[in-house]
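The next block holds one structure in the form of structure tokens; read it before the comments.
The values are calculated or read from the model by the stated rules, or taken from the named source; none is laboratory data. Here the structure is a predicted model, which means the values were calculated and not measured. Cβ: placed from backbone, ideal geometry, glycine included. Neighbour counts: every protein chain shown. Ligands, DNA and RNA are excluded from the accessible area calculation, which covers all protein heavy atoms including side chains. Shrake-Rupley method; radii C 1.70, N 1.55, O 1.52, S 1.80 Å.
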Amino acid sequence: MKQFFSFFALLSLLAACAQSPAPQQGEAPAQSGEVYRARIHTELAAQYYARRQYSIALQELREALRSDPSYAPAYNMQALVHVELREDREAEEFFRRAIELAPQYAEAHNNYGYFLCQHKRYEAALAEFEQAWKNLLYATPEKALANAGQCMLSKGDAGAAEDYARRALVRAPDQPAALLALAEVRLQQGDAQAARQSLRQLEKASQLDAAALWLGVRIERLLGNRMAEGDYGARLRRHYPDAVQTRWLLNGQYHNWGGGRD
């Protein structure tokens, strides 16, 4: 589920950054010169993060924190970079610092929850997701609910995963992570047709990532549609050659659903 940090979380962070100069969650209400400079450097870091230029992103974040050492969004972004670098101790430290500085910073709670789930700390992860979706100021509580669903899939609790996914879809019918979780639940229950329907709805709403393409391969394989299976597989190999799901495809490991960390 590594894709969360490189896609869904990033889109949210960039969308928030695009709202400048209005304060975001995690910021002090007053927009002093120091806060403004910290915000600009954090926005630049997010753009370098999107390009996988992590060393430059960290340089920008150091500048952000030099301008304002209490700027919580910079710590959140720094944590995301360290996750990509597989520097887990540093990532957790920065997530905690962001939340310490801004306890109501829902995006940091959501991201930290996802990080905890990656490390199989499920109860702690759910507590962080709950902090996010219960925050009335959080613009996208469905994202935290969808991530809770993905987390419960990783734990092996399909019932809870379905419940969280459905709650997310009530708020946002095309929420990508929720549709992906629901499709996976349906496939695990043996209902490949329903899984296909959810995946097709996801494809209409957004570009399919490696996990979604891998799910498509397995759905169509179960349904016996070799042409569609081959199409999903070809797209997976072409667009995500280094993804763990591509390795599973090439090795014929069709039992893997994509919940592990690459």
For Tyr114, the lone unmet condition from (1) open to solvent by 30 Å² or more (accessible area, probe 1.4 Å); (2) among the hydroxyl-bearing types (Ser, Thr, Tyr); (3) under 20 Å from Ser206 (Cβ atoms) is (1)
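Please go through segment 60-79 and give me each residue that is touching a residue at least 12 places away in the same chain (Cβ under 8 Å) and open to solvent by 10 Å² or more (accessible area, probe 1.4 Å), ordered by number. Before you say what the answer is, go through the steps one by one.
So in segment 60-79, the residues touching a residue at least 12 places away in the same chain (Cβ under 8 Å) come out as 60-61, 63-65, 67-68, 70-79.
Across segment 60-79, the qualifying residues are Glu60, Glu63, Leu65, Ser67, Asp68, Ser70, Tyr75, Gln78.
Hey, any hits in segment 118-128 for a residue that's within 27 Å of Lys204 (Cβ to Cβ) and free of Cβ contacts under 8 Å to residues at least 60 places away in the same chain?
Initially, segment 118-128 is screened for residues within 27 Å of Lys204 (Cβ to Cβ), giving none.
No, the conditions are met nowhere in segment 118-128.
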Subset of segment 188-207, residues assigned to a helix (DSSP H, G or I) and surrounded by fewer than 17 Cβ atoms within 10 Å (Cβ to Cβ), comes to Gln188, Gln193, Ala194, Gln197, Arg200, Gln201, Glu203, Lys204, Ala205
- Query: Is there a residue being at pLDDT 95 or above, in a loop (DSSP other than H, G, I, E, B) and either open to solvent by 60 Å² or more (accessible area, probe 1.4 Å) or in contact with an Asp or Glu (Cβ under 8 Å, 6 or more places away or on another chain) (or both) anywhere in segment 86-93?
  - Reply: yes
> Residue check: is Asp163 closer than 18 Å to Ala211 by Cα and either open to solvent by 40 Å² or more (accessible area, probe 1.4 Å) or outside any helix (DSSP H, G or I) (or both)?
Replying inline: no
Just one listed residue, out of Leu145, Leu137, is over 24 Å from Ala195 (Cα atoms) and either among the aliphatic types (A, V, I, L, M) or open to solvent by 70 Å² or more (accessible area, probe 1.4 Å) (or both), and it is Leu137
Within segment 209-260, the residues that are on the phi > 0 side of the Ramachandran plot and buried (at least 18 other Cβ atoms within 10 Å of the Cβ) are Gly258
Pairs returned, first residue in segment 80-101 that is closer than 16 Å to Gln53 by Cα, second residue that is acidic (Asp, Glu) and part of a helix (DSSP H, G or I), beta-carbon separation under 8 angstrom, 6 or more apart or interchain, are His82/Asp88; His82/Glu90
